[in-house]
Amino acid sequence: MLKNSKKGFTLIELLVVIAIIGILSSVVLASLNSARNKGNDAAVKSNLANQRAEAEIFYDAGATYEGVCATTGTNVIGDGVTAAAIAGGGTYTAGDTVDATASAAACHDSASGWAAVSPLRGGGGYCVDSTGASKSVVITALDTDNDITCD
């Protein structure tokens, strides 16, 4: 009496297991991408919020905010705005006539105030200004020359 006993998995069983693993990995990767975007958005907010203290040091030194958005000089905030823009997937070019877009941050200054906005990877933008405002905004919040508030 011969017993024909095969041990192992059938091809169908292996394909089902591979399909289940593929579905689970796609769910994990989608969640990971969302978490990565939220992390980048947190970096944008942190970078911009930190620039407020730097701008106040700049003001204390010269009693004006004029020039605070530059990328070169002492106690200027341009480098922080650049870091925020990169975290948000954009760029930053210093200048009061540069408008914020979905791919570019902006920082405007005058003698009496300043405002900076950077794109967020999750959509929209984040703005901080010399009045203490720190909030999510539409990315075109600084759309006119010398606009120095987040409103």
> Per the helix-only calculation at 222 nm, which mean residue ellipticity applies to the chain, given -39500 (n - 2.57) for every DSSP H run of n ≥ 4 and division by its residues, nearest 500 deg cm²/dmol?
Replying inline: -15000 deg cm²/dmol
>> How would GLU13, GLU54 line up from fewest to most surrounding beta-carbon atoms within 10 angstrom?
In response: GLU13, GLU54
> Would you list ILE21, ILE148 from fewest to most Cβ contacts within 10 Å?
Replying inline: ILE21, ILE148
>> Starting from the Kirkwood Rh over alpha-carbon pairs, what translational D in µm² s⁻¹ does the range 11-141 have by Stokes-Einstein at 37 °C and 0.692 mPa s?
In response: 206 µm²/s
> Residue by residue through the range 118-133, which ³J(HN,Hα) values in whole Hz follow from phi under the Karplus form 6.51 cos²θ - 1.76 cosθ + 1.60 (θ = phi - 60°), with glycine and proline marked x?
Replying inline: 9, x, 9, 5, x, x, x, x, 10, 10, 10, 8, 6, 7, x, 5
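Read-outs throughout are calculated quantities, based only on the coordinates presented, and are distinct from any laboratory measurement. Note that the coordinates shown come from a computational prediction; the quantities given were computed from them, not determined experimentally. With ideal geometry, Cβ positions are generated from the backbone for all residues, glycine too; neighbour counts draw on all protein chains shown.
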